[in-house]
Amino acid sequence: MSNSGIDELKTELKKAINAIDELKTRLAQKEKEITEKSKLAVLGELGLGFAHEIKNPLSAITTYLDLLNNSISDESQKSILKKLRHSVLEIDIITNNMLFYTKELKAEISSIDLEALIDETIASLEVAIGRKNLKVTKQISHRVINGDYQLLKRSLVNLIANAADANQNEGSILVETITSNGQCCIAVEDTGTGILDPGKLFQPFHTTKAKGMGLGLALVKKFMQAQSGNVSLKPPKTFNGARFELTLPIKQ
Ligand SMILES: Nc1ncnc2c1ncn2[C@@H]1O[C@H](COP(=O)(O)OP(=O)(O)OP(=O)(O)O)[C@@H](O)[C@H]1O
Ligand SMILES: [Mg+2]
């Protein structure tokens with residue numbers, strides 16, 4: 001074969017190798033998409049049925065545990081009940097997240113008193129917060145917002161539960177509301193480890209926890225976008241851990 005023929009062959013081979021490389025990249029991408037989709041499909045089919053079945057018995061267990069707690073005075077028994085109550089809360093958060101992840105959302109916008117919402121959310125997480133020695137404080141500069149109460153509450157539940165998880169046995173969590181650039185911002189900041197891998201945050205099924213589903217932040221994003229809002233990771237202002245900000249337009 002002549003030199004020019006060999007050169008031509010080399011060029012064609014290079015082109016073919018490039019094409020194969022491109023194909024490999026696309027295949028890897030497709031494979032990832034299919035895995036995500038099949039995970040979602042499995043979660044949708046199995047999870048939804050499971051979550052529906054478990055909701056009612058779970059709320060009955062919570063009621064009975066609270067009744068039992070009120071009728072006993074022995075501290076060691078109370079501490080066992082507290083642990084049980086915390087496990088039930090963990091199952092409840094996971095179940096709710098599974099239900100919401102597969103559900104089509106339609107925001108119901110109403111006027112929300114942010115302080116009442118924050119108090120109610122912190123109270124519902126009392127067992128998670130009380131399990132560790134965590135100090136939760138709030139600073140309210142912006143009071144009323146138009147948004148979906150349940151979606152906002154579930155977003156805060158996930159952010160505060162993450163903040164509690166990120167702290168060791170002691171620490172602080174700050175929940176504050178401020179106004180900036182025509183938006184209301186509800187921030188949750190903690191004294192925890194900070195974010196080790198910010199690139200994957202908000203992706204479903206990304207978790208660094210042994211018992212995590214990796215659905216919390218993906219859901220918060222879905223909840224906030226359904227109300228024309230958003231969620232983002234910001235540099236901390238008060239502590240050294242993580243700061244997540246929920247934003248909603250002030251006029252809706
Ligand atoms: N406040 C935080 N401090 C440190 N890391 C965090 C914080 N919030 C989230 N993360 C990191 O982001 C990951 C994803 O969070 P996400 O809430 O989506 O899932 P999860 O908490 O692991 O599981 P799930 O919420 O489904 O129970 C966590 O596993 C953790 O590594
Ligand atoms: Mg979480």
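Worth a mention:
- Residue match in segment 103-121 (condition: within 16 Å of ligand 1 (Cβ to nearest atom), basic (K, R), touching an Asp or Glu at 6+ places or on another chain (Cβ under 9 Å) and over 17 Å from S228 (Cβ atoms)): no
- Failed item in (1) within 15 Å of ligand 2 (Cβ to nearest atom); (2) surrounded by 18 or more Cβ atoms within 10 Å (Cβ to Cβ); (3) touching a residue at least 60 places away in the same chain (Cβ under 8 Å); (4) more than 21 Å from S111 (Cβ to Cβ), with I160 passing the rest: (3)
- Residue match in segment 21-33 (condition: in contact (Cβ under 8 Å) with a residue 60 or more places away in the chain, in a helix (DSSP H, G or I) and either away from ligand 2 (no atom under 16 Å from the Cβ) or surrounded by 11 or more Cβ atoms within 10 Å (Cβ to Cβ) (or both)): no
- Filter result (buried (at least 18 other Cβ atoms within 10 Å of the Cβ) and near ligand 2 (Cβ under 10 Å from one of its atoms)) within segment 205-221: M213, L215, G216, L217, A218, L219, V220
- Looking only at residues of segment 72-100 that are among the polar types (S, T, N, Q) and in a helix (DSSP H, G or I), we find that the one that is surrounded by the most Cβ atoms within 10 Å (Cβ to Cβ) is N97.
Every number in this text was worked out from the coordinates using simple rules, so none of it is lab data. Please read these numbers as outputs of a predicted model, since none were measured by experiment. A quick note on method: Cβ atoms are made from the backbone with ideal geometry, for glycine too, and the neighbour counts reach across all protein chains shown.
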